[in-house]
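Enquirer: Please read through the structure below; I'll follow up with questions.
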Amino acid sequence: MYAMNDLRTLLKQSAEGSSVGLKTTEEFPPYYSYHFDVIYYVSPKIGVGLTSGVYSTGARNSIADYSGRYNEDITAKALNLGLIGVFKDSLKNDLFYGIELCSGLKMSDLQFESKINLNDIDYSDESKMDFTGNGWWVEPRVRFGWNLYKSFTCSTYAGYEFHFRNKMTMKENSQSNLLGKIDWSGFRFGVCISFILNN
Amino acid sequence: MRYLFIFSILLLSFTSCIYNPSNENFVEIEKDVPVPEITDKNIDLEADTLYVWKYTRFNYDLSAVNAQIHSTQVIFLNDTLRYASGQGSFVVNPTSVNEGTYKVKILVYSGSGTGSLADKLGGEGYEFNREWVLVVEKPKIVDVKINATIENGFLKFSWDKIDKRFFKSYRLYIHDSGINNAMTREITDVNRNSFIDSSYVGGPIALNLWVNYINSDGYDAIFQKSFDYDYSIKIRFKEGIDSLRFSWDKNPFHCSVHPQNNGNEIFNVRSDTMATIRASGLGSPIQYGVTFKPTYLPPFTSGGFNTYAAFTAGIFDGFKHSNIEYSQLLHSYIFKHEMSFTATNELLDVKGKYDYSWDYSDNNTIDFSVTGDKIYTTVNGQLKTFNSNLELLNSEKLPVGEVGFNTIRVIKSLDDRVFLIGTDGIIFLYDIVDHRIIARTPTVYGVSSNFKFSVSADGNYVAFINDKLYVYEIRNKQELILRHQIAGSFYGCFFAPNDPNKLILNTPENIRIFNCSSGSVDRVIDRFYANPINIDPVTNYMLLVSNSKAKIYIYDYESDKLVLELNHHGFAYDFKLLNNLIFTNPGYHFDISPYVYK
């Protein structure tokens with residue numbers, strides 16, 4: 001889940017101000033994020049390491065009929081890089097739990113794209129605007145896992161990412177900023193496969 | 001290092017799994033909707049032609065039902081005006097555009113009315129176009145033809161219709177001289193290009209037509225045309241001995257007809273084209289008239305249209321005179337007038353004429369020389385001698401002023417040298433060669449009329465009447481001997497032309513034929529209550545004229561036979577009978593030959 005309050009407001013204003021009857025069809029829904037952590041355990045229970053993750057979501061205002069279509073898309077993606085601190089302890093029967101804290105740099109990209117196609121007159125047009133910006137995040141997690149086989153473990157985690165909203169600057173014109181800030185804050189849930197290198 | 005490589009690969013692969021919005025808001029749209037109908041509030045979409053004669057701005061405000069009008073274009077005079085809506089305008093200024101016919105086209109681009117995305121963005125719609133013929137004409141009126149016709153008894157004026165947009169009104173100014181009526185009308189309906197004057201019944205009428213219109217500057221202008229019409233009605237006459245019929249053409253206008261005789265209406269006339277009255281006979285022309293009164297008579301008018309004609313019996317010859325004589329030798333009539341002395345042949349063609357400014361006193365004198373080849377008269381105390389063509393041969397001043405009386409009543413050439421001169425006061429014999437009075441009578445006062453003077457044709461006697469009748473004998477052209485002096489009342493006298501001894505006397509009781517030789521009355525004629533005027537020297541008929549009975553009698557006094565009786569309306573001494581022509585001094589004559597036997 002992603003807060004994206006400012007972007008949601010922009011999306012709504014664009015639809016309401018439209019003269020062609022745009023409606024919001026997608027509004028920054030939760031989407032798969034991908035993570036890769038490398039953790040070194042300094043003790044059987046305490047580990048530190050690097051964490052990374054790729055996030056994306058998007059939104060759309062749309063109107064389409066027999067004569068053509070017009071869509072306004074917002075595509076947001078972010079790359080997290082940071083440090084992770086882990087406390088892990090075993091439970092019975094190869095189960096374990098962990099408490100993690102991550103924080104790091106989030107590099108966000110935002111793209112506004114509007115596209116129109118009119119069928120009968122074979123007319124199409126599109127425009128794009130790209131924004132970029134960096135911010136900080138902190139994410140506490142809890143994890144429950146299972147030692148699968150040898151060095152493989154499988155776990156599930158839950159946490160909340162606090163993203164410190166940052167402004168987005170137009171890529172083509174660094175003097176222009178987006179009206180509003182990007183906010184990736186939200187709950188995180190996931191499933192993880194781990195390989196223990198130094199068991 | 002190996003782990004770092006694996007980390008990087010995995011990271012790159014994760015970045016390709018980016019969220020991509022794919023949902024759409026697809027709306028079902030009804031494609032088959034009616035074509036939008038274009039309407040306008042200003043320019044007339046139904047008209048085929050636009051007319052411009054002054055600076056004109058054409059506005060349009062087009063709208064379409066269920067569709068938006070995106071833009072319009074006006075194409076005119078190789079120019080295109082574009083408007084991003086259904087509202088627009090274009091200007092036509094005749095001062096900068098030549099007269100002629102042009103085309104104006106308006107193109108309208110509207111949405112389709114479906115409500116689809118393309119419709120909203122202007123990618124789907126209709127193109128309408130409408131074309132007009134534009135007629136540019138500079139207001140001017142070159143000519144307007146007017147005519148007048150008679151319809152159903154009324155006078156109708158019609159004129160060219162000014163079927164132009166710049167027309168304002170017709171204004172009529174009409175003056176009917178027939179009934180002295182004037183009126184003004186203003187007509188604003190361009191199709192009413194006629195006017196009926198219900199009171200016109202004849203005579204001159206003038207129509208002044210003003211066409212009011214708007215010129216190219218937008219100001220009022222006027223074109224003016226005049227038209228004159230005159231329906232005249234002539235009166236014709238046909239006179240018999242006892243009756244006179246005067247007739248006229250039927251008046252085609254609605255009116256009543258009122259004939260008049262010398263200003264007096266003739267009643268009981270049953271015809272509207274003629275009237276018959278008692279013949280008025282000879283004399284000065286009488287004015288007859290017909291008044292046509294319109295059925296509708298406007299107030300403050302003259303009451304009707306009058307047409308007049310003068311008529312009298314006889315033929316107009318134009319020789320007004322105070323005396324006339326006929327010379328059988330010269331076959332010539334001589335007319336003496338206050339301003340002229342005229343000789344004609346027997347057909348009354350002028351042979352000669354002598355004019356003078358005015359003869360104040362010698363207005364009755366005509367005489368012929370003994371040989372008949374000369375003609376004499378007196379003008380302002382001068383004895384004039386002419387040849388037969390009235391070429392002046394001599395002019396001799398007579399001593400009438402010396403004897404105190406300027407009006408010469410009679411002259412008689414005794415031998416072309418000695419003349420008998422009879423004035424109001426005396427009678428004298430005058431020698432024009434020696435310029436001396438040979439003999440004279442005593443002063444005779446009161447001889448104030450020409451018909452109270454007469455000299456016999458042979459020059460032996462002269463008679464005049466004042467308090468008595470005086471008859472002088474002219475003896476040897478040297479003496480005037482009083483032969484007879486008869487008391488009594490006498491109206492006039494004249495000697496018989498073919499019997500110079502006989503003096504015809506007009507008395508209150510009768511007519512006497514006095515024998516100057518014997519001094520006795522040879523005959524009394526009492527069958528007429530009339531004045532004897534003269535005896536025709538050719539036929540010897542006596543002319544008698546009765547003022548009271550208004551009758552003229554032609555009397556063969558030798559055989560005592562009344563030859564002809566005529567009416568007259570003049571005065572007895574207006575008439576004279578010469579060579580079977582009765583002359584009247586207003587310039588008419590009446591030929592009695594068809595009615596007499598000589």
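Enquirer: What order do you get for B:F90, B:F26 when you list them from fewest to most C-beta neighbours inside 10 Å?
Expert: The fewest-first ordering by Cβ neighbours comes to B:F26, B:F90.
Enquirer: Tell me which trypsin sites (Lys or Arg not before Pro) from the stretch B:93-154 have a DSSP coil assignment and no more than 10 other beta carbons within 10 Å of their own.
Expert: Filter output for the stretch B:93-154: B:K145.
Enquirer: On to the next question. Place a point 7 Å from Cα of A:M129 in the direction of its Cβ. Which residues in the stretch A:137-168 have their backbone N less than 19 Å from it?
Expert: A:166-168
Enquirer: Moving on to the next point. Just tell me how shielded A:53-63 is by partners: mean number of partner chain Cβ atoms within 10 Å of each residue's Cβ, no decimals.
Expert: Other-chain Cβ atoms within 10 Å of each residue's Cβ, averaged: 5.
Enquirer: A further question on this structure: If one computes the Cα centroid of the stretch A:47-103 and of the stretch B:68-86, what distance in Å separates the two points?
Expert: After rounding, the separation between the Cα centres reads 56 Å.
Enquirer: Once both labels are modelled 7 Å past Cα along the beta-carbon direction, what's the B:E473-B:K156 spacing in nm?
Expert: According to this spin-label approximation, the distance is 8.9 nm.
Enquirer: Determine, for B:S216, B:S357, the number of other Cβ atoms within 10 Å of each Cβ, and report the residues in order from fewest to most.
Expert: B:S357, B:S216
Enquirer: Same structure again: When Cβ neighbours within 10 Å are restricted to other protein chains, what is their mean count per residue of peptide A:24-30?
Expert: For this peptide, the per-residue mean of nearby foreign Cβ atoms is 3.
Enquirer: While we're on this one: Under 28 Å Cα-Cα from B:K54, which lysines qualify once same-chain neighbours fewer than 8 residues away are excluded?
Expert: Excluding near neighbours in sequence, the set is B:K41, B:K103, B:K105, B:K138, B:K140, B:K145, B:K161, B:K164, B:K168, B:K225.
Enquirer: To continue, here is another question. For a label point 7 Å from the Cα of A:I193 along Cα→C-beta, name the residues of the stretch A:153-170 whose backbone N is under 11 Å from it.
Expert: A:153-154
Enquirer: Mind telling me which of A:R188, A:R69, A:R60 comes out most flexible in a GNM of chain A, alpha-carbon contacts under 10 Å?
Expert: Largest GNM mean-square fluctuation: A:R69.
Enquirer: On full extension of the chain, what length is gained from B:N66 through B:E28, given 0.36 nm per residue of separation minus the C-alpha to C-alpha distance?
Expert: 11.9 nm
Enquirer: What full-extension length gain, to one decimal in nm, is calculated for B:S96 and B:V135 as 0.36 nm per residue of separation minus the Cα-Cα distance?
Expert: Fully extending the segment from B:S96 to B:V135 adds 12.6 nm.
Enquirer: From the helices alone, meaning DSSP H stretches of at least four residues, give me the mean residue ellipticity at 222 nm for chain B, per-run term -39500 (n - 2.57), in deg cm²/dmol to the nearest 500.
Expert: Estimated from H runs of four or more residues: -1000 deg cm²/dmol.
Enquirer: Still on this structure, please answer the following. How well do other chains shield peptide A:66-77, expressed as the mean number of their Cβ atoms within 10 Å of each residue Cβ?
Expert: 5
Enquirer: Output the direction-averaged projected area (hull surface divided by four) of the convex hull of the alpha-carbon atoms of the stretch A:5-195, in nm².
Expert: Answer in nm², one decimal: 13.6.
Enquirer: Once you sort the root eigenvalues of the Cα gyration tensor of the protein assembly as shown as a ≥ b ≥ c, which label holds: rounded (a/c under 1.5), prolate (a/b larger than b/c) or oblate (the other case)?
Expert: Prolate.
Enquirer: Identify all aspartates and glutamates with a Cα-Cα distance to B:K156 below 18 Å; exclude those on the same chain that are fewer than 8 residues away in sequence.
Expert: B:D176, B:E186, B:D189, B:D197, B:D228, B:D230
Enquirer: From Cα pairs below 8 angstrom and at least 6 apart in sequence, can you work out the relative contact order of the stretch B:38-136, rounded to a whole percent?
Expert: Reported relative contact order: 32 percent.
Enquirer: If you don't mind, there's one more thing I want to ask. If we restrict to alpha carbons, what Rg and Dmax does chain B come to, in Å?
Expert: 51.0, 202
Enquirer: Which of B:Y231, B:Y356 comes first, and how do the rest follow, when ranked by fewest Cβ neighbours within 10 Å?
Expert: The fewest-first ordering by Cβ neighbours comes to B:Y356, B:Y231.
Enquirer: Turning to a different aspect of this structure: When the C-alpha atoms of the stretch A:145-199 are aligned to their principal axes, what extent does each axis show, in angstrom, from largest down?
Expert: Dimensions of the stretch A:145-199 along the principal axes of its Cα atoms: 54, 22, 13 Å.
Enquirer: With angles folded into 0 to 90 degrees, how steeply does helix B:2-15 sit against the dominant principal axis of chain B? Use alpha carbons for both and round to 10.
Expert: 30 degrees
Enquirer: Still on this structure, I have one more. Taking θ = phi - 60°, what integer Hz values does the Karplus form 6.51 cos²θ - 1.76 cosθ + 1.60 yield along the stretch B:201-208, in sequence order, with x for Gly and Pro?
Expert: With the stated coefficients, the stretch B:201-208 comes to 9, x, x, x, 9, 10, 10, 10 Hz.
Enquirer: On a straight-distance basis, which lysines could pair with A:K88 in a cross-link, Cα separation under 30 angstrom, same-chain partners fewer than 8 positions away excluded?
Expert: Excluding near neighbours in sequence, the set is A:K45, A:K106, A:K150.
We did not get these values from a lab; they are worked out from the coordinates using the rules stated. Owing to the predicted nature of the structure, the values given are computational and were not obtained by experimental measurement. Quick reminder, even Gly has a Cβ in these numbers, built from the backbone with ideal geometry, and neighbours come from all protein chains shown.
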